1. Any idea what the relative contact order of segment 20-205 is, in percent, if you count C-alpha pairs under 8 Å spaced at least 6 apart?
2. Lys and Arg at +1, Asp and Glu at -1: add these up for the other residues within a Cβ distance under 15 Å of M242 and post the number.
3. Please state, as a whole number in µm²/s, the translational diffusion coefficient that the Stokes-Einstein equation yields for the chain at 4 °C and 1.567 mPa s, with Rh defined as the Kirkwood radius across alpha carbon pairs.
4. Determine the equivalent ellipsoid of segment 20-205 by diagonalising the alpha-carbon gyration tensor, then write out the semi-axes as square roots of 5 times the eigenvalues, largest first, rounded to whole Å.
5. Report relative contact order for the chain in percent, whole number only (criteria: Cα-Cα under 8 Å, sequence separation at least 6).
6. How big is the C-alpha Rg of segment 207-342 next to the rule-of-thumb value 2.2 N^0.38 Å, as a ratio?
7. Can you give me the relative contact order of segment 207-342 as a percent, contacts being Cα pairs under 8 Å and 6 or more apart?
8. Take the alpha-carbon centre of segment 127-150, take the same for segment 253-299, and report the distance between them in whole Å.
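Bear in mind these aren't lab numbers, they're just calculated from the coordinates by the rules spelled out. As the structure is a computational prediction, the values presented were derived from the model and not from experiment. Cβ atoms come from the backbone with ideal geometry, glycine included; neighbour counts cover every protein chain shown.
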Amino acid sequence: MRLLLPLLLLSGPALAQSPISLTISSSQSQWNWTGTSSIGAIVGNPSTNFTLNGNMVMTLGAGVLPISTGQFDSGGVANVFPDLHGMIPNPLPFLPPLATIDVVGLTLEFTSAPFIVNANGTFSTNNVTTALSGTVTVSPLTGGVSVIDLTGLSGDPQALNGQITQAGNTVTLNAPSTGTFSFIDPGTGISADFTISGTLYGSWTNPAPSTYCAAATNSTGMAGTILMTGSTRLQDQNLVLMATQLPVGQFAFFIVAPNQGFVANPGGSQGNICLSGGLGRYNSQVGQVDAFGTFARNLSITSIPVNPPVSAQIGETWYFQAWYRDQNPGTVSNFTEGLAVTFAP
C-alpha cells in the first residue's frame, strides 16, 4: 500500500458549515397582507390571502445540543402565489377606486444574523425579508399607470420567534413572520406600505447515502462495493461503513474526502480514486477482509482524518471509499466504488 501514500497525505482546508435547503410547505405557509397609503387604506381586490412555495436556506450548527445554532441565509427563493391585487376605495362608494395596485411575480428571500437554538428548539432573531423579483403596478383613477420594480427591496428587520424540530432525519422549521415594504409611485407621488404576515414552515430531509464512480474488477472477479449500515445523524456517532466483494484475507481501510473526483490507476493501482479536495485515511483502523469478503468499521465523524482533522457538520456531504490490497495477478491495490454521505443533526 506504500504506492499511494503521497496521494493520501494530501489534504485541504477545514470546511465551513454547509447550508441546507428547506422545502416550503404551501399548505402550512398561509399568509395575508395589509396595506396603507397616503390617500387611504389598501384593501384586497378581492382577497388579501396568499401562500408561499419554493425553499428557504438555513445553516444549522451542532454543539452541546444536536441543533445549537441557526441562521437564515441568502439563496432561497419563496414564490408568492397568487399575485397580490389591491385597491384604494373611493370615499364615494358609487365611484371607481382611487387606484388599483397589482403586485405580480413576487419572490422573496429571508435572511438573519446567527442565533442560538434552545433545548426545545425555540429561537429568537431578527429577520429581513427581501424581494428577489416582482413589480407593482399603480393605476390611479386619474390615469397615468406606473410600474415599479421591486427587485432588491428589503423590509426593516422584524422580530422572529420560531421553533426548529427534528424527527429522524427530517428537520422542520415553524416560525410566524412579518415583513413590511414601502414604495412611492413616481407618477402620482402616492406612498404606500405593504405588510405581509404568515408562517415560515418548511422541512429538510437528509438524503440517503448513495454510491457513485464504478469500481474496477478485483481478483474475485467482482468489483468492490461500499454501503452504510449505521446512522448519518451526528448525535448518534454511529457511522458504520461496510465494503463487500473484496478478496478474503487482504488488508483494507477506508479513505475520505470533501469532494468527488477521479484519478485512474494512481501509483500503479488497479483501481481508481473517486475522491478529491484533500484525502484523509482511517489508517488506525486497518484490518483484514473476513471470510465472507467483507470489511466493516465504525468511523469517527468528530475527527475526520484530513489535515487538520475536522468534525462533520449538519448538511455536509463527505465521500468515502475502501482501499485494499489485491492479487491480480501480482500484488497491487484496488478501491471500491465511492459513497456519498450527508449528515443530519
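1. 22 percent
2. -1
3. In µm²/s, the coefficient rounds to 55.
4. For segment 20-205, the ellipsoid semi-axes come out as 36, 14, 13 Å.
5. This gives 17 percent for the chain.
6. Rounded to two decimals, the normalised Rg is 0.98.
7. 34 percent
8. The two parts, judged by their Cα centres, are 57 Å apart.
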